[in-house]
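A.B. asks: I'd like to ask you about the structure that follows.
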Amino acid sequence: MNLRRKLGLDILSEKYAYGEDPQYGHTSEQKIPDHWVPTTCGYCSVGCGMFVGVKDGRAVTVRGNPNHPVNLGKLCPKGLSEHYTLEAPYRAKQPLLRKKGKLVPVSWDEALDTMVERFQATQERYGPDALGVISTGQLVTEEFYALGKLVQLGFGTKNYDGNTTLCMASAVSGYKRSFGSDGPPGAYEDLQKADVIFLIGANIADNHPILCQHLDANPRKTLIVADPRVTKTAMMADLFLPLKPRSDIALLNGLIHLLIRTGQIDCEYIAKHTSGFAELARFVEKYTPAYVAQITGLSEDLIIKTADLYGNAQAAFIGWTMGVNHSTQGVETVNALNNLALIAGNIGRAGASPFSITGQCNAMGTREAGFASSLPGYRKFENAEDREQLARLWKIDADRIPIARGLAYPDIIEAAVGKKIRALWIIATNPIVSFPNLDVLKQGLETLDFLVVQDGFHPTPTTELAHLVLPAAIWGEKDGTYTNSERRVSKVNRAVDPPGDAKSDFDIFLALAEKLGCREELFPGWTRPEHAFDEWKRVSKGRLCDYSGLTYELIEQHNGIQWPFPEGTTEVGTTRLYADGRFPTEDGKAKLFCIEWTPFPEQPNQQFPFVLNTGRTVEHWHTRTKTGQVPILERMSPNAWLEMNTRDAQTLRLKPHDRVDVISRRGRVRNVELRVTEIVAPGQVFMPFHFAESNANQVTQSAFDPISREPNYKQCAVSVQLSVSPRERRSKDRLRKKALPVEVN
Ligand code: SF4
């Protein structure tokens, strides 16, 4: 601080000066940009439209787009401060290669030559599938499409998956089993048109905050929220169902039982458009209110009231997120939700939909165009006609397209531990914080012969383990499209240049293809994302996710357009899937499944008496690679915490703000601040998973859904005890050693 400032003579008048922005009026002069760049938020799948204000080549502010149908000008705290991520101190700016144990700067040429050479050498020695790739939900669709081709046809491995398996895989598999295809059937508009909205395992107030304005715009609705925790969303409910952890399948079967018993079902819809109803009706007979009350901990009256509200609705909307998906029975829970919607005919109509609210800004894009859980355009690996169709479009031999999907994310890690995967490429994700049961993951990554991490940030806990770090552009620095949860394709635009030598993921993929010698074959004439978009339009033509009528100009003009949008479409409006009752299954009907409730795998016991639930907070995004570097968000939520019920805290003689350790069979999270609260029920504790320093995944378990391979992050058995400082611990150890009896030989 200079002397003038110290004496109070320098009042930083330039810094705090105000001026008039032609569009937004009186505001800080520093935030009056030279121009505004329209784009879409790069955090969550709500898909809010915004403008980035650019001054002298720097992003100085952001504003919500008042004409965007998703957010009508509003942004949540993450969106409102998103421009800060671009100039965060830990941006990756140059390729880094590990030499003599240290990461040192190298040229792009050396980085990519080394990567190709090491990957090819590994594949020659151990087979093509010894290479694994784990990507993300953060790239633009054009990049996902290019990456899928590059990995499967260029590098020739089928072991490619995304971190979307950690959040959305159960919804994807559940949709495929019930309806024959992935794809959320409804639209956000349904939140405004439904007379009953049933949110289950979905804390949208923290995780998808702007969706709450669609709820607010519907004064007629009855909002039912089912969650073991009294979340901010639960506090908005007309009817709150505080069910026991993982008893959701029993509740859903109980509701179906009651709807059938009281005749509150749509018999005509069931007969015309579903199969398996007779079996389902017999199966749910045992799920009486008394039986369901015993499993869920809800009163029979509450269960009956919920069934009555849902059954009497003209149009009912069911929304869910990770509370459903993060389970060893995630896919089956989605099927049970779809059962409930189908028997009441609540699908394909305004206000009526079983709707999975997706996680990341473009998790939908990788599901549509990527190559991980299905072939581009929701084509199936195992369907010969689908493979041949793609091969014709790409002018390649159909034998080059895998006939089955490769390993899913958790299985790639397991294969790394078992030395079957020997080289791994991680793109825009930070598994050291986000993957369950941290020790197993570390073992997998440390065993690899070669680990490449491509990210916009360095160091992160994952880049620190890499042999090669590739610096990538992030949101705000590249072009393309995102698809949000309601299938709305929105434009993403470059506002500023990436820092240092960082390149867009798209350019990195093209450069790698060049090194592999397959650029012209896979990406003929491509130099920018629009070229990928043009090919993707042709590849998606005639599919459920048909983009063939879309152009960048049209998307921008309408602030995002929902697919399907076949060539020749002239009207832009809300679209819903399955409005005609036809489903892409063999018989054209949706399938009803008999889903049995079973208790979750790791039950609490005397040693580990609490059920740990993990989740998120509105200020942070995933592993805080981005939001941890935004000062305002860090100040609002700087540390992890553990929520515990008052009764349990009294039993353990713990007080608010005590520092505690959370311990499971697998590990210990140290020194977490305790919050004593009625938000969690006795016997349960809650902790956010964002914080590397207090990593909840040190205690979570390696338990996965057998169909989707999504982890069961939500319930594991833990104990909680008062933390001791390292000094106290050392002195206790000394005392203990002194007290040990002397051994006598
Ligand atoms: S709700 Fe999601 S998309 Fe909208 S501003 Fe917040 S983080 Fe961005």
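The values are calculated or read from the model by the stated rules, or taken from the named source; none is laboratory data. Source: prediction; values computed, not measured. Using ideal geometry, Cβ is built from the backbone for each residue, glycine included, and neighbour counts are taken over all protein chains shown. Note: accessible area is taken over every heavy atom of the protein model, side chains too, but ligands, DNA and RNA are not part of it. Shrake-Rupley method; radii C 1.70, N 1.55, O 1.52, S 1.80 Å.
A.B. asks: Run lengths n ≥ 4 of DSSP H only: what is the helix-derived mean residue ellipticity at 222 nm for the chain, with -39500 (n - 2.57) per run over all residues, to the nearest 500?
C.D. replies: When only DSSP H runs of four or more count, the value is -8500 deg cm²/dmol.
A.B. asks: Can you give me the accessible area per residue for the range 229-360, using a 1.4 Å probe, in Å²?
C.D. replies: Result: 32 Å² of accessible area for each residue.
A.B. asks: Ignoring ligands, DNA and RNA, please state the percent of accessible area on the range 509-668 from carbon and sulfur, probe 1.4 Å.
C.D. replies: Of the solvent-accessible surface of the range 509-668, carbon and sulfur hold 49 percent.
A.B. asks: Report the calculated FRET efficiency for E596 and E673 (r = Cβ-Cβ distance, R0 = 35 Å), to the nearest 0.05.
C.D. replies: Efficiency computed from Cβ-Cβ geometry: 0.30.
A.B. asks: If each residue of separation counts as 0.36 nm, what is the full-extension length gain between T646 and A278 once their alpha-carbon separation is subtracted?
C.D. replies: Length difference between fully extended and current span is 127.8 nm.
A.B. asks: Just the C-alpha atoms of the chain: what Rg/Rh do they give, with Rh taken as the Kirkwood radius?
C.D. replies: Looking at the chain, the ratio lands at 0.97.
A.B. asks: I've got another one for you. Suppose each label sits 7 Å from its Cα in the direction of the beta carbon; what would the D216-R4 distance come out to in nanometres?
C.D. replies: 4.4
A.B. asks: Another question, then. If a/c stays under 1.5 just call it rounded; otherwise compare a/b with b/c (prolate if a/b is bigger, oblate if not). Do that for the range 577-696, with a ≥ b ≥ c from the square roots of the Cα gyration tensor eigenvalues.
C.D. replies: Oblate, because a/c is 1.5 or more while a/b does not exceed b/c.
A.B. asks: Between Q721 and E14, 0.36 nm times their residue separation minus their Cα-Cα distance comes to what?
C.D. replies: 249.4 nm
A.B. asks: Within straight cross-link reach of K221, meaning Cα distance under 15 Å, which aspartates and glutamates are found once same-chain residues fewer than 8 apart are removed?
C.D. replies: Within reach: E189, D190, D195, D238, D308.
A.B. asks: What nm value, rounded to one decimal, do you get for the distance between R125 and R635 when each label is placed 7 Å out toward the C-beta?
C.D. replies: Taking the two extended label points, one gets 5.2 nm.
A.B. asks: If you roll a 1.4 angstrom probe over the protein chains with everything in place, what fraction of the accessible area of the range 239-345 belongs to carbon and sulfur, to the nearest %?
C.D. replies: It is 53 percent, rounded to a whole number.
A.B. asks: Can you tell me the order of 389-402, 249-262, 48-61 when each peptide is scored by its average per-residue count of other Cβ atoms within 10 angstrom, highest first?
C.D. replies: 249-262, 48-61, 389-402
A.B. asks: Going by average Cβ density within 10 Å per residue, which order do the peptides 342-351, 143-152 take, highest to lowest?
C.D. replies: Answer by packing, highest mean first, reads 143-152, 342-351.
A.B. asks: Here's another thing I want to ask about it. Roll a 1.4 Å probe over the protein chains and send me the accessible area per residue for the range 469-600 in Å².
C.D. replies: With all protein chains present, the range 469-600 gives 39 Å² per residue.
A.B. asks: What number comes out for accessible area per residue over the range 89-151 if the probe is 1.4 Å? Units Å², please.
C.D. replies: 41
A.B. asks: Would you mind putting 80-86, 315-321, 576-582, 134-140 in packing order, based on average other-beta-carbon counts within 10 Å, highest first?
C.D. replies: 134-140, 315-321, 80-86, 576-582
A.B. asks: Note down the Stokes-Einstein diffusion coefficient of the range 588-651 in µm²/s, whole number, using a Kirkwood radius over alpha carbon pairs, 25 °C, and 0.890 mPa s.
C.D. replies: Diffusion coefficient, whole number: 151 µm²/s.
A.B. asks: Something else: Once you place label points 7 Å from the Cα toward the Cβ at E268 and T447, how far apart are they in nm?
C.D. replies: Spacing of the two 7 Å Cα→Cβ label points: 5.9 nm.
A.B. asks: Give the carbon-plus-sulfur fraction of the accessible surface of the range 14-125 in %, rounded to a whole number; probe 1.4 Å, heavy atoms of protein chains only.
C.D. replies: That share works out to 50 percent.
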